[in-house]
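The values are calculated or read from the model by the stated rules, or taken from the named source; none is laboratory data. Source: prediction; values computed, not measured. We place every Cβ from the backbone using ideal geometry, glycine too, and count neighbours over all the protein chains shown.
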4 protein chains.
Amino acid sequence: MRTASVGVFRVATTGPGDVSGLMAMIGSGAIDPTTILAILGKTEGNGGVNDFTREYAVAALCTALAPELGLSPEAVEQRIAFVMSGGTEGVLSPHITVFTRREAERPAGMSGKRLSIGMAHTRDFLPEEIGRSAQIVETAKAVTAAMADASITDPADVHFVQIKCPLLTSDRVEAANARGNTTATTSAYSSMAYSRGASALGVAVALGEIASDISDDDVLRRYDLFSSVASTSSGIELMHNVIIVLGNSASSASEFEIGHAVMNDAIDVPAVVSALKSVGLGVAPLATEGRELVNIFAKAEASPDGRVRGFRHTMLEDTDISSTRHARAAVGGLIAGLAGTGAVYVSGGAEHQGPAGGGPVAVIARLS
Amino acid sequence: MRTASVGVFRVATTGPGDVSGLMAMIGSGAIDPTTILAILGKTEGNGGVNDFTREYAVAALCTALAPELGLSPEAVEQRIAFVMSGGTEGVLSPHITVFTRREAERPAGMSGKRLSIGMAHTRDFLPEEIGRSAQIVETAKAVTAAMADASITDPADVHFVQIKCPLLTSDRVEAANARGNTTATTSAYSSMAYSRGASALGVAVALGEIASDISDDDVLRRYDLFSSVASTSSGIELMHNVIIVLGNSASSASEFEIGHAVMNDAIDVPAVVSALKSVGLGVAPLATEGRELVNIFAKAEASPDGRVRGFRHTMLEDTDISSTRHARAAVGGLIAGLAGTGAVYVSGGAEHQGPAGGGPVAVIARLS
Amino acid sequence: MRTASVGVFRVATTGPGDVSGLMAMIGSGAIDPTTILAILGKTEGNGGVNDFTREYAVAALCTALAPELGLSPEAVEQRIAFVMSGGTEGVLSPHITVFTRREAERPAGMSGKRLSIGMAHTRDFLPEEIGRSAQIVETAKAVTAAMADASITDPADVHFVQIKCPLLTSDRVEAANARGNTTATTSAYSSMAYSRGASALGVAVALGEIASDISDDDVLRRYDLFSSVASTSSGIELMHNVIIVLGNSASSASEFEIGHAVMNDAIDVPAVVSALKSVGLGVAPLATEGRELVNIFAKAEASPDGRVRGFRHTMLEDTDISSTRHARAAVGGLIAGLAGTGAVYVSGGAEHQGPAGGGPVAVIARLS
Amino acid sequence: MRTASVGVFRVATTGPGDVSGLMAMIGSGAIDPTTILAILGKTEGNGGVNDFTREYAVAALCTALAPELGLSPEAVEQRIAFVMSGGTEGVLSPHITVFTRREAERPAGMSGKRLSIGMAHTRDFLPEEIGRSAQIVETAKAVTAAMADASITDPADVHFVQIKCPLLTSDRVEAANARGNTTATTSAYSSMAYSRGASALGVAVALGEIASDISDDDVLRRYDLFSSVASTSSGIELMHNVIIVLGNSASSASEFEIGHAVMNDAIDVPAVVSALKSVGLGVAPLATEGRELVNIFAKAEASPDGRVRGFRHTMLEDTDISSTRHARAAVGGLIAGLAGTGAVYVSGGAEHQGPAGGGPVAVIARLS
């Protein structure tokens, strides 16, 4: 079995086009650009349809990395998985998390499973497949492939599955209509939810969290069907799903560890504490000897029943601010408080990612 | 010395015009309408200049209470202090908190200081006085008067001073200009910050938290000058300041107790925990025998230096969503998580209310 | 045949709760409150789900008119048709238009048809009926009844049909689900479009503009089906449709005349000019002897194909500002320019009201 | 005297990063990239502080043009003047306008003055100079230099002066404070207005529209002081002013002509018609033989007195949508209607650019 060393670097940015932090780390030798597998980022946009900060960030990174890798910017975009989640509401702070992987011997004395990462992607979807069975089925296949790529065999060792998935635009809806087909929705904004939801259900199927007989009608309706580790973000720039599996593996030689918990609602403090504890960390400002927080990855959403622990929320009835922005701001405030930093990855739109109104929360710690 | 019993009732609302919860409690005898002194509310609006949910809520309450009190709606508005704070971002839940006061014997066996409430108001301000010394000086006088009304002599017993203060509109700026005077700002939105800031400085002066020699230029600049218990909200509907002092008093026969702490930044979990502890409560979902959370009152703001604990935030550079909405959402998420409920009073715009980027957090508990 | 005199009064407001202009006209005798049939207003809100300025305006008007009519505020709301359209983006100016009707002899020398008004309403709808056939069919019936009430027999004499229709909320969707039924959409915001669209199709059916065999699937899809005179606004405060028919009638003794045209897209200047000409008016600042503009009533929407006359617009992909706000602002700017005033009634969401991307525009002139 | 041929090309874009239209024209030979002097664009952002679509568009253009010019992207940004105006509200359509200039003989039979373009820039400003006299004085000098560059001697031949100017950020304000200086404002958003205003006053001084004795206090206060041809946009990416002068010159061999008028308020239809007529064009859909509209350049703003032709507007009291977005949407709707296209350059924030509430409107026509 191949053994690999996985690195995780959180780098603050000063804007969506800022690559200086990453380039400095490459310059200093802290990061070997050829080992970069994936970059997850939080950018300043609204996280909605017209959030151009995501593609701007990707374009800036590809342009900057191209000469380092001896590739064209386009080839860089094919080689590295970029997942930019727009929306740094409230105390959330724009940053990127760089994941590297290289072959490495596992040191003799190393004990326990360590952070491992794997990737895969689906075929391109037709607009009319987005948010429906085809997207679920293809995603499930790709999750299985990504687990294998990460040398993870037990689904219980998978702690976070990040997916980047497409959305519908006027043009894409029109293209489907021209073929005589209708799409799951005609609204670009709504399509983001459908795509995220179907992708998450694909994770749940792959990991055996739910049965595989999901119908189109279950998407965005059967909220009792969900994955506890899926995190999906839709973006305008692709038509297929990209899957990144993060978990712990006995074949990893990494100095990092990942764990997770599930927030049952948007104010589930014990779940966040539990996720921190799962990798040996405490609540800020408590320090833990030999362990250091690298980043937290969580999904947030407005509970679809309009209530949080019995009290009405107003996120879904707000025509001024989209509910995903509300939810990121609130959950971001909570997690930032417990983590002691706003530079955490809280992403909006948790359809079928954790229970309705809740979501997965994963923590990566560095062991020294 | 007069002894009084103070009651506190948190009532959920279904919209800014909803008075049904309060009227039901009056109908059942749980609340005697003649004892209502003040009503603090969180309404669904944006909390900005064009937030009409505040005046709508006040109008609805006055209309509903008028027949109960045998007064016209206008007279009800004069009699009861209404402070509506717009903005229930994220998990925050619209509700009102009703404060009642009636003369009462203090039971022989009652020990310790208990919740007391006092009120006062300033004269009307000219538009050119808003956000400047005149507002500071007059507010300080009124705070002292309100303390006396609450039978509180020691400033250390004051735990929350809620103030309702005016803002500038185009008309008001024009009126000042017509007199040959300029106003602190010509922007309606900015004027809300000036008015909140000067009012908070008035509290700090009254309670001896800072010296009284504040100049106009210190407002919104000298953020090291602040009150740890001030909470100020500006609204379009008045031209004077209304002051409500909440504290503990040996002459109170109330079954409630209040305490507070100061959040040093927007993610200060220990401060919220400390405020809960100050009235014998723990973090949700921990239950405390004999003690029950009634409500939490806190102020939130985007730190003016653009950072939270070293990491950049984007609240002040966001032209889509005002920074007060961001801050309420984030701090609301944090407090709701620790309190176990989104029905808390988190209000935006904490200029000179707590340190820059932080704010006061007060908790009221019921003792059974 | 009953002959009636219809009056139309445009009254500026200083806020959604401002009734002073109307009360002054009642005080001066200019308006007899007992003759008020309908009040159409433009209020300051976002025109979306959480636009409370509409219900606030209605509450303020009902409270103010109650003593004038010797009725309770609730009874006033039953007696007068209030249609508040939220959203005064750009140069649009908040105001109300008061329609009065009283029996009157038609003067011997009066020539031509004159402004007439009629009203009717449907039964309450179930949430699952909104945006579907039931709403279309019931609306068509009510339009026919309202025409009769207006003494209009020829559909060509109908120039504007204003409808107020319900929307879905989380609670209403849940109620339908509890009955085992699904609603046309689960999004409150989207439901406004469904309700407006089905209501407009009802008008088209009633006036013979389209055949009556509309299926549920045609709503928000078959945009070639539309009414040239329908204007529909959805609001949270009712579960039935209220219909107001405006047209010209030989039995009217009114000094007003109404005409209309159809904007084929959002920048259709000739259509607005044609609507003005249809009642003898020119483009501002041209004055027309003996004729005076009272108000313009128009519907605006973002063209669903994402283009205006071949050029891409960004309204439907904007997650910060809803497309209805964009469209009102743009069409409002155009009409205000041609009319010479921003105090015009431009309402958003023109689904099946005029061709896709366009909408009806009606003009009322006073003849002296 | 040098004679030059100036070209103007309007190119639609599909997003802020889209350069395909321009590259196709370069590929086909329609545009010689070495002759590109300036590119003015309308991008999809909010036009506010956090509008990253402007810098994204510039970055994309520089990256694409770099190999064509044999320069680095950074050198391209120095060589060509890029002015991106964010905000395509309502019917406005994202596009760029490319200005080229090359030496050319003026054909013998060519009559009249033709379109000419000139450029210049100021030194970098300190944050504390923005919005104050230094910015005015330096801008005036640079305008004079740009006129000379355009071979224009008579100020009456100048029809549009586009300026790109800096804004304040938290960091820049802090830097000024660290030097013991205060800035004109501490708000990033407000600083955009100050910078635009001072820059426009610089144009007015240079063209003799106003006297040169402007004091710091006049900026954003003395709205009777303005330029009829200034158009200024502030952006985060620079600290100096870039000036582009557009006018007609007898030494130009261009096939284009420019003219302008001044809108006295946001609904000034006759001014737009007059600007169209000044270059021989009529209102859409009227065609003019031998003349074709290329683009319209206009500035829009919410009138600071809160009224448009006597009627209250709500743009300045809106905390949800910034007034610049409102104004662009409304004026954009009006101009698009008269021009027959939404692909026009309407930019927000017209402080001291035209009279209060109005703004300049310039039209470029191609003569065939």
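Taking segment C:179-192 as the range and being modelled with pLDDT under 95 and of a type outside the set (S, T, N, Q) as the test, the residues that pass are C:ALA188, C:TYR189, C:MET192. Restricting to segment B:343-363, name every residue that is more than 23 Å from B:GLY235 (Cβ to Cβ) and more than 13 Å from the chain's Cα centre (by Cα). Within segment B:343-363, B:PRO355, B:ALA356, B:GLY357, B:GLY358 qualify. Applying the criterion of being within 17 Å of A:GLU351 (Cβ to Cβ) and crowded, with 18+ Cβ neighbours inside 10 Å to the residues of segment A:264-295, the residue that is nearest to the other protein chains (Cβ to nearest Cβ) is A:ALA266. All of B:ASP318, B:ASP268 fail the test of being among the charged types (D, E, K, R) and closer than 23 Å to D:VAL49 by Cβ, apart from B:ASP318. Kindly provide the set of residues from segment C:308-321 that are assigned to a loop (DSSP other than H, G, I, E, B) and more than 8 Å from chain A (Cβ to nearest Cβ), ordered by number. Scanning segment C:308-321 gives C:ARG309, C:GLY310, C:HIS313, C:ILE321.
Output the residue which, of all residues in segment C:52-73 that are outside any helix (DSSP H, G or I) and surrounded by fewer than 24 Cβ atoms within 10 Å (Cβ to Cβ), is farthest from the chain's Cα centre (by Cα). Give the derivation first.
In the first step, residues of segment C:52-73 are kept if they are outside any helix (DSSP H, G or I); the result is C:52, C:70-72.
Filter once more, so that each one left must be surrounded by fewer than 24 Cβ atoms within 10 Å (Cβ to Cβ): C:70-72.
Values: C:GLY70: 28, C:LEU71: 26, C:SER72: 26 Å.
Out of the qualifying residues, it is C:GLY70.
When segment D:285-317 is filtered for residues that are at pLDDT below 95 and either touching a His at 6+ places or on another chain (Cβ under 6 Å) or on the phi < 0 side of the Ramachandran plot (or both), the ones remaining, listed by number, are D:PRO285, D:LEU286, D:ALA287, D:THR288, D:GLU289, D:PRO304, D:ASP305, D:LEU316, D:GLU317.
Residues that are part of a loop (DSSP other than H, G, I, E, B) and within 14 Å of another protein chain (Cβ to nearest Cβ) were ranked within segment C:79-93; the one that is farthest from C:ASN50 (Cα to Cα) is C:VAL91.
Of the residues making up segment D:215-243, those that are in a loop (DSSP other than H, G, I, E, B), modelled with pLDDT of 95 or more and of a type in the set (Val, Ile, Thr) are D:VAL219, D:VAL229.
Of the helices (runs of 4 or more DSSP H) lying entirely inside segment D:95-207, those containing at least 1 residues that are buried (at least 18 other Cβ atoms within 10 Å of the Cβ) and within 16 Å of the chain's Cα centre (by Cα) are D:133-149, D:188-206.
Here is a check on your reading of the model: is D:VAL76 assigned to a strand (DSSP E or B) and either in contact with a helix residue (DSSP H, G or I) (Cβ under 6 Å, 6 or more places away or on another chain) or farther than 30 Å from C:ALA300 by Cα (or both)?
Details: assigned to a strand (DSSP E or B): no; either in contact with a helix residue (DSSP H, G or I) (Cβ under 6 Å, 6 or more places away or on another chain) or farther than 30 Å from C:ALA300 by Cα (or both): yes.
For D:VAL76, the condition - assigned to a strand (DSSP E or B) and either in contact with a helix residue (DSSP H, G or I) (Cβ under 6 Å, 6 or more places away or on another chain) or farther than 30 Å from C:ALA300 by Cα (or both) - is not met.
Summed over segment B:260-274, residues that are within 17 Å of B:ASN295 (Cα to Cα) and touching a Pro at 6+ places or on another chain (Cβ under 7 Å) total 2. When the residues of segment D:296-307 are filtered to those that are crowded, with 23+ Cβ neighbours inside 10 Å and more than 19 Å from C:HIS326 (Cβ to Cβ), the one that is farthest from the other protein chains (Cβ to nearest Cβ) is D:PHE297. Specify the residue that is nearest to the other protein chains (Cβ to nearest Cβ); the eligible residues are those in segment B:1-49 that are assigned to a strand (DSSP E or B) and at pLDDT below 95. Result: B:SER5.
In this entry, B:MET263 passes the filter for residues that are hydrophobic (A, V, I, L, M, F, W, C) and touching a strand residue (DSSP E or B) at 6+ places or on another chain (Cβ under 6 Å). When segment B:58-113 is filtered for residues that are β-branched (Val, Ile, Thr), closer than 19 Å to C:ALA59 by Cα and without any contact (Cβ under 8 Å) to a residue 60 or more places away in the chain, the ones remaining, listed by number, are B:THR63, B:VAL76. Residues that are closer than 11 Å to A:ALA356 by Cα and surrounded by fewer than 17 Cβ atoms within 10 Å (Cβ to Cβ) within segment A:208-228 comprise A:ARG221, A:ARG222, A:ASP224, listed in sequence order.
Mind checking which residues of segment C:322-362 are in a loop (DSSP other than H, G, I, E, B) and within 14 Å of chain A (Cβ to nearest Cβ)?
If we filter segment C:322-362 for residues that are in a loop (DSSP other than H, G, I, E, B), which is where we start, we get C:322, C:340-344, C:349-352, C:354-358.
Within segment C:322-362, C:SER322, C:GLY349, C:GLU351, C:ALA356, C:GLY357 qualify.
Pairs linking a residue in segment D:219-246 that is under 20 Å from D:GLY208 (Cα atoms) and in contact (Cβ under 8 Å) with a residue 24 or more places away in the chain to a residue that is of a type in the set (Asp, Glu) and surrounded by 24 or more Cβ atoms within 10 Å (Cβ to Cβ), with Cβ atoms under 9 Å and 6 or more positions apart or on different chains, are D:VAL219/D:GLU351; D:LEU220/D:GLU351; D:TYR223/D:GLU351; D:PHE226/D:GLU351; D:THR232/D:GLU351.
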